[in-house]
Every structure is written in C-alpha cells, then in structure tokens.
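Values in this text are rule-based calculations from the coordinates and carry no lab data. Owing to the predicted nature of the structure, the values given are computational and were not obtained by experimental measurement. A quick note on method: Cβ atoms are made from the backbone with ideal geometry, for glycine too, and the neighbour counts reach across all protein chains shown.
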Amino acid sequence: MAAFDIKTLPNSLNGQVALVTGASRGIGRAIAIKLAELGANVVVNYNGSAAAAAEVVAAIKALGNGAQAVAIQADVSSVADADRLVAETVKAFGRLDVLVNNAGVFRGGLTDQLPLDDYHKLVGINIHGVYYTTRAAIPAIADGGAIINISSGASKIAIPGFPNAAYMATKGFVDSFTRGVAAELSPRKIRVNTVSPGATMSDMMAATSEQVMEQIVQMSFFKRLGTPEDIAEAVAFLAVPRSGAWFTGQNLHSSGGVTFAL
Ligand code: NAP
C-alpha cells in the first residue's frame, strides 16, 4: 500500500469550489465567507433573500484574496432547482469540491397542534433539500472532495417546554443520511460529515422565548450562545483536505459542550 503523508494534502481551499446552500443569512453566510477566506470560490445559494445574498458575494470579493463568488437562487426543496443549482455551480466555476448543505428552517409546536403546512416545510427543506442537493452533487463533486451537512444538537436533545419533535426528526435524518453517504462515497475518498450547531445567534432564534434561551445558555459549558462564525470554523476544519483528512461519517458538535453535558 502506498505511504500516506498528510503533509502533502492542501492546508487551504485554494483552487477549490464550494457550494453553500442557504448562504444569504446566518450560519450559511458565515460559512460562505470563511471558505472564501481559505481560498475557495463560493456559490452563495439563497431562496428569497436576493439582496442579502448579493451582500455576501460583495463581502467575499472584498476579501481581496482572489476568491470569487456568485449568488444563485434555488429552492432546495425542489428537485429541479437542486439539479439546476449544481449545474450552474459547475458552469460558473468549472468544478465542485465542497458541498455544504446548510439551508434549513425551524418550526416549533406540539405534534398534535403543529400546522401540517409547517410540517411539510420542515420535511421539504430540511430533509428533501439535503437529499436533492446531495443527489445532484454526487456525480459532479471531485474525488477527494467534502460534503458537510448542517444538523443540530436538537437531533439528540429534547427540552421540556420547547416542543419541536418534527424539527428534531428532520435533523435525525441528516445524521443518518450523512453516515450512509459517507460509506457510499468512500471509494472516491469524498469525506462526508455533519456539523451539529448548538443554539446559535441567527434569525432562526428570533422566535425562541427568553426563558428557553436562558435555559439553553445555561446548558452550555461556556454560558453563551454560539455565533455563526463558531460554526463556520468547524465546517472549515472538515472542508480543508489536511485538517479534515481523517474524518468521515462523523458528527462534530459545535455547541460549547451542550450535547456532552447531557
Ligand atoms: P437562518 O438565519 O434562518 O437562515 C436560513 C438560511 O436558509 C437562509 O439563508 C435562507 O435563505 C435559507 N433557506 C431557507 N429555505 C430555503 C430553501 N427552500 N432553499 C434554499 N435556501 C433556503 O438559519 P440559521 O440559523 O443560519 O440556520 C442554518 C442551518 O443551521 C439550518 O439547517 C438550521 O437548522 C441549522 N441550525 C441552526 C441553529 C441555530 O440555533 N440557529 C442550531 C442548530 C442548527 P433565504 O433567506 O434566501 O430564503
């Protein structure tokens, strides 16, 4: 067997192309900028927030390190849009090395009271969106590339007084899907991992009551919420060939110890 020397692997994303879904706001925005800082050309996917996505593209170009970015509108819960998103990525930059399935929505409520429309949104974006985009990306992604799926500590943790069983279950799908695809793509040396954020400051947290927010803060070893930049660092670690080399099928909890605390 050929000797393996980790030092020969790239320690940056120079020359690589990353597609980040849901990159117009919050965690996805921070991931897109971080991957560009590491040298990647980045596709900033968005669904409704065109102006915010354009601002992320401008922020990447302003880094001044040569990283390029384009914004591409696509609703990942549509098979046709997911297919087009990957095709337009390859058309824009000629290749695809890193896919980050970040787009997601939160809808909370008691199971017998959650409107079915909300349930269908959760399943459509958090499950079908991840599946459709991955399915479209598999033939396109370069051997040796990386897929990083954004799950949530919520796939493991139920908090009394904060009912969100359907959301939790969609993230359980992400955890299992990651392991399955990691096995499938191992012959091509494509690393497939999950990053599970703890509660993170973004628009998604806006609907959370102060009481639950405080409960969540107290669960963290460091007594604070995560920032989108905290999560982006974990994604970058897995995306970069050298730091991520020996990780596949793993679930990296970026949560200030919340999951470990249970
Ligand atoms: P956010 O601030 O609400 O941003 C959500 C992003 O997803 C936006 O860019 C939005 O784009 C995009 N999006 C929504 N529906 C989409 C669709 N159908 N197609 C394409 N893009 C779509 O949320 P966030 O907090 O950054 O969450 C990002 C990910 O982290 C999600 O998967 C979430 O479940 C996960 N997460 C978040 C937390 C937290 O506490 N914030 C904790 C654990 C896990 P547009 O605005 O353009 O529509």
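Numerical summary
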quantity	calculated
Residues of the range 210-232 that turn out to be crowded, with 16+ Cβ neighbours inside 10 Å and closer than 23 Å to Leu35 by Cβ, as a count	6
Flag if Ile147 is among the β-branched types (Val, Ile, Thr) and touching a residue at least 60 places away in the same chain (Cβ under 8 Å)	no
Filtered residues of the range 72-89 (kept if touching a strand residue (DSSP E or B) at 6+ places or on another chain (Cβ under 6 Å) and of a type in the set (Val, Ile, Thr))	Ile72, Thr89
Of the criteria (1) touching a Lys or Arg at 6+ places or on another chain (Cβ under 7 Å); (2) in contact (Cβ under 8 Å) with a residue 60 or more places away in the chain, which one Val56 fails	(2)
Positions within the range 77-114 being in a loop (DSSP other than H, G, I, E, B) and charged (D, E, K, R), in sequence order	Arg95, Arg107, Asp112
Checking Ala207 against (1) under 18 Å from Asn251 (Cα atoms); (2) surrounded by fewer than 16 Cβ atoms within 10 Å (Cβ to Cβ), the condition it does not meet	(1)
